[in-house]
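One structure is given here, and the rest of the page talks about it.
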Amino acid sequence: MLRVGLTGGLGSGKSTAARLFAARGAHVLAADEIGREMMRPGEAVYKAIVEHFGKSVVAESGELDRKALARISFEEGRVEELNAIVHPAVIARQAKMAREIGAKEPAAVVIVESALVFETKHGDAEGETGEPWRSRFDCIILVTASEAVKVGRYVQRVGGDALSPERRAEFEAEARQRLARQIPDEEKIPLSDFVLENDGPAEDLELQIEQLWPVLRFAAEAGHLREAGFGPVSN
Ligand code: ADP
């Protein structure tokens, strides 16, 4: 099995890239989706959040109030408290899902799609410090695009041409704010094994994925053979 981290800033196109890899046979685990599921009422993560932050983060429906949580996290500077509850649980769930896939398909390519591969302080191992992504992934793919393109795509996704100029300006400001909380591409590039440049049309992204996919497949097969006891050929 090859464990791949697929990351990129908001609006870079990482979900689009993930879909293109999935269409070629990769197993994609989306961190956002797993996080949302684990934050549903009845889940341990939900319980831990309510215990930690109090009833003010629960909406009338009984679900977590996303806006209240965002306010507490970012305006009150408590995002690390929330991350300390959510991230280890999501990472452990991803690792478990990857192991299950690997048990059934030893040469699988498992892609974890997450905006926060480099940002999170949390890793697989209890108390792990430093660069926890290194032990979680065999390689990292970064999707890049300029800030203007990322902001434009975000606005397009949340409403696009139907938005009034005021709403558009609000969403643009929100996108910039969220991007400012992420590590810039220039710092992520040297930490990544592969970079997919996604400033151009979607076909260009697909072409890069077309080229990268066999490399991932090969690495997954080779890793599986090594694990199965077939070492490198020597004279
Ligand atoms: P992310 O997951 O990084 O936030 P998405 O993959 O959701 O980004 O892409 C954001 C939006 O931009 C989506 O609506 C997507 O369809 C669109 N998009 C992604 N890549 C391109 C591209 N190369 N050209 C045009 N639109 C794109």
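If I take every Cα pair under 8 Å that is 6 or more residues apart in the chain, average their sequence separation and divide by the length, what percent do I get for the relative contact order? Could the numbers behind the result be given before it?
Values: 299 pairs, mean separation 78.4, N = 235.
Answer for the chain is 33 percent.
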Rounded, prolate or oblate: which one fits the range 151-235, using the alpha carbon gyration tensor with axes a ≥ b ≥ c (rounded when a/c is under 1.5, else prolate when a/b beats b/c, else oblate)? prolate
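For residue 155, what charge total do you get from the other residues with a beta carbon under 13 Å from its beta carbon, if Lys and Arg give +1 and Asp and Glu give -1? Write down the numbers at each step before the final one.
Values: positive: 150, 153, 157, 167, 168, 176, 178; negative: 147, 161, 166, 170, 172, 174.
Neighbour charge sum, excluding residue 155 itself: +1.
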Residues whose placed amide H lies under 5 Å from that of residue 29, excluding near-sequence neighbours: 111, 112, 113
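Which number gives the lysine pairs in the range 2-155 that have C-alpha atoms under 17 Å apart and are eight or more places apart or on different chains? The partial results should precede the final answer.
On the way: 14/150; 47/55; 55/67; 96/104.
Lysine pairs, 8 or more places apart or on different chains, close enough: 4.
What order do you get for 203-212, 71-80 when each peptide is scored by the mean count of other beta carbon atoms within 10 Å, highest first? All intermediate terms of the calculation are to be shown ahead of the outcome.
Values: 203-212: 14.9, 71-80: 13.0.
Averaged packing, sorted descending, gives the order 203-212, 71-80.
Determine the calculated [θ] at 222 nm for the chain from helices alone, applying -39500 (n - 2.57) to every DSSP H run no shorter than 4 residues and normalising by the residue count; nearest 500 deg cm²/dmol. Kindly include the intermediate steps, with their values, before the conclusion.
Working: 10 runs with 121 residues, N = 235.
Only helices count here, giving -16000 deg cm²/dmol.
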Please get the size of the charge dipole for the chain, origin at its Cα centre, with Cβ charges of +1 on Lys and Arg and -1 on Asp and Glu, quoted in debye to the nearest 20. 460
When DSSP beta bridges are limited to those with both residues in the range 2-222, what percentage is antiparallel, rounded to the nearest 5? 5
Among 98, 192, 171, whose Cα sits farthest toward the positive end of the charge dipole of the range 2-222 (+1 at Cβ of Lys/Arg, -1 at Cβ of Asp/Glu, about the Cα centre)? 98
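Taking the Cα centre of the range 130-223 as origin, work out the dipole magnitude from +1 charges on Lys and Arg Cβ and -1 charges on Asp and Glu Cβ, in debye rounded to 20. All intermediate terms of the calculation are to be shown ahead of the outcome.
Numbers: 12 positive and 19 negative charges, 89 e Å.
About 420 debye.
A short reminder: the numbers here are calculations on the coordinates, not readings from a lab. This structure is a prediction, so every number in the text was calculated from the model and none was measured. Don't worry about glycine lacking a Cβ; one is built from the backbone with ideal geometry, like all the others, and counts go over all protein chains shown.
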